[in-house]
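Read-outs throughout are calculated quantities, based only on the coordinates presented, and are distinct from any laboratory measurement. Here the structure is a predicted model, which means the values were calculated and not measured. Positions of Cβ are backbone-derived with ideal geometry, glycine not excepted, and every protein chain shown enters the neighbour counts.
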């Protein structure tokens, strides 16, 4: 949603509802964990009124444990926090789980994949950042394929139902390769919204 036209959010929701997209992804930034600020609870609550797809909320904020209940109440169906931003990742996982929504954990490209191994059994999804969190429109980091392979092996061994999501530099040129490496969920912002027909682009990504 970060790449959408914020002056026409209702029409964006209507397009997403009619498209083949499964989820609507939110990037929530606090200006502390990442050097950018995006939007908070009022925007999520407003979108929830119009969007029929699951809200996939990625929080790039410090002290995520303080806000779990509010994000759940605002309408998050999946809440993903950063391993690096939490003093006690398992505590955050348990808090999200207690709200009855799905749990995701994320890491930036400079964090070893092995760092999240202790939490794989407890989450529904791992969001592997393929750019550094904080800004849209960045170029995909090619080394990410090796990290995806490492994560896929770990998940196959510990929690086969856990999803792999990637965010950052996803395009029509690399979508097929990402699926081949075992990615389940693609986050595409500018690739979708910077095209003449976003709905067709979503369909093309899913068929890659």
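Taking neighbour counts of Cβ atoms within 10 Å as a proxy for exposure, in what order, fewest first, do 111, 183 appear?
Listing 111, 183 from fewest to most nearby Cβ atoms yields 111, 183.
What list do you get for 83, 67 if you sort them by fewest beta carbons within 10 Å?
83, 67
Going by average Cβ neighbours within 10 Å, how do the peptides 160-167, 41-48, 75-82 rank, with the highest at the top?
75-82, 160-167, 41-48
Quick one: if the Förster radius is 25 Å, what FRET efficiency do residue 156 and residue 204 give, using the C-beta to C-beta distance and rounding to 0.05?
Values: r = 28 Å, r/R0 = 1.13.
FRET efficiency, residue 156 to residue 204: 0.30.
What list do you get for 116, 141 if you sort them by fewest beta carbons within 10 Å?
By the 10 Å Cβ count, ascending, the order reads 141, 116.
Once you keep just the Cα pairs under 8 angstrom separated by 6 or more residues, what percentage relative contact order results for the chain?
17
For every helix of n ≥ 4 consecutive DSSP H residues, a contribution of -39,500 (n - 2.57) applies; sum these over the chain, divide by its total residues, and give [θ] at 222 nm rounded to the nearest 500 deg cm²/dmol.
Dividing the helical sum by the residues of the chain leaves -9500 deg cm²/dmol.
Could you tell me how far the Cα centroid of segment 70-144 sits from the Cα centroid of segment 1-67, in Å?
15
Can you give the Rg/Rh ratio of segment 11-85, where Rg is from the C-alpha atoms and Rh is the Kirkwood radius?
Working: Rg = 12.5 Å, Rh = 12.7 Å.
Computed over Cα atoms, the ratio is 0.98.
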